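See below for the structure under consideration.
The values are calculated or read from the model by the stated rules, or taken from the named source; none is laboratory data. Predicted, not measured: the structure shown is a model, and the values here were computed from it. Here the Cβ is made from the backbone with ideal geometry for all residues, glycine too, and neighbour counts use every protein chain on show. Quick note on the areas: whole protein, heavy atoms, side chains included, nothing else; ligands and nucleic acids left out. Shrake-Rupley method; radii C 1.70, N 1.55, O 1.52, S 1.80 Å.
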Amino acid sequence: MTKWQKILKLFTTFFKIGAFTFGGGYAMIPLIQKEAVETNKWITDDDILEIIAIAESTPGPIAINSATFVGYRVAGVLGSAAATLGVVLPSFIIISIIALVLNEFQHIKAVKYAFWGIRAGVLALVLKALINMYKKCKKNVLAYIVIALAFICAAVLGVHVLIIIVGCGLIGLVYSLISKEGKKL
């Protein structure tokens, strides 16, 4: 496969993901994993975990960041541009159309119920992504403590997400420096 074919494949793959996924970035993660790892074999499961961790800790939506990083791994800068444009373009088109007609239809009960159903489906996709990531992550006592502290800080104490991400990253870095596990990395 030539570089231009890879770039086109990245664009069409991420366009499909962007066009047929409701609910934002977290709902797209299982599809990105399926397409990038299982279907196209561009990256490994370990790569996708790293990409998601980086995408979540960098500014911007996780799906766009993930597409950018996958695209870069596959075909460099042009690959990242193609994947990013592919994942963004469907939403841009759809939102533009919806904005034009939503005021005309928002009072219809069927439309309200449709969006209620979509929200329920999105929740299921986000939970699936969480379960998949949980299964693939290494587990130990410290990991469970970090998970609990991060949840408490976010859900109960209202700590800003950026502080939580940086704190968790620092805990992981310190752990890797002082443990035998870190030497294996």
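Volume per residue for region 112-185 equals 116 cubic angstrom (convex hull of Cα atoms). Take the alpha carbon gyration tensor of region 1-54, find the square roots of its eigenvalues, order them as a ≥ b ≥ c, and report rounded if a/c is under 1.5; if not, report prolate when a/b exceeds b/c, else oblate. Taking the square roots of the gyration eigenvalues as a ≥ b ≥ c, region 1-54 is oblate. Per-residue Karplus couplings for region 54-59, computed as 6.51 cos²θ - 1.76 cosθ + 1.60 with θ equal to phi - 60°, are listed in order as 5, 4, 6, 9, 9, x Hz, Gly and Pro entered as x.
Dipole of the chain computed with +1 at Lys/Arg Cβ and -1 at Asp/Glu Cβ about the Cα centre; of Ser66, Ile43, Cys153, farthest Cα towards the positive end is Ile43. Is region 68-175 best put as rounded, prolate or oblate by its Cα gyration tensor, with a ≥ b ≥ c the root eigenvalues, rounded for a/c under 1.5, and otherwise prolate when a/b is larger than b/c, oblate when not? Oblate shape, in that a/c is at least 1.5 and b/c is the bigger or equal ratio. Given their separation in residues at 0.36 nm each and the Cα-Cα distance between them, Glu56 and Ile163 gain 37.3 nm when the chain is fully extended.
Rounded to the nearest 20 debye, the dipole magnitude of region 1-101 is 420 debye, with +1 charges on Lys and Arg beta carbons, -1 on Asp and Glu beta carbons, and the Cα centre as origin. Dipole size of the chain about its Cα centre, with +1 on Lys/Arg Cβ and -1 on Asp/Glu Cβ: approximately 360 debye, rounded to the nearest 20.
The accessible-area ordering, largest first, of the residues Phe105, Phe69, Phe20 stands as Phe20, Phe105, Phe69, per a 1.4 angstrom probe.
Looking at region 29-85, the accessible area is 45 square angstrom per residue; that uses a 1.4 Å probe and ignores ligands, DNA and RNA. Residues Lys139, Lys3, Lys109, ordered by accessible area of protein heavy atoms at a 1.4 angstrom probe radius and largest first, appear as Lys109, Lys3, Lys139.
In order along region 65-71, phi translates into HN-Hα couplings of 4, 4, 4, 4, 5, 4, x Hz, rounded to whole numbers, per the Karplus curve 6.51 cos²θ - 1.76 cosθ + 1.60 with θ = phi - 60° and x for Gly and Pro. With N counted as the residues of the chain, its alpha-carbon radius of gyration over 2.2 N^0.38 Å works out to 1.17. Surface composition of region 1-112: carbon and sulfur atoms hold 68% of the protein heavy-atom accessible area at a 1.4 Å probe. Would you look at the GNM of the chain, springs on alpha carbons closer than 10 Å, and say which of Thr39, Thr21, Thr58 moves the most? Highest fluctuation among the options: Thr39.
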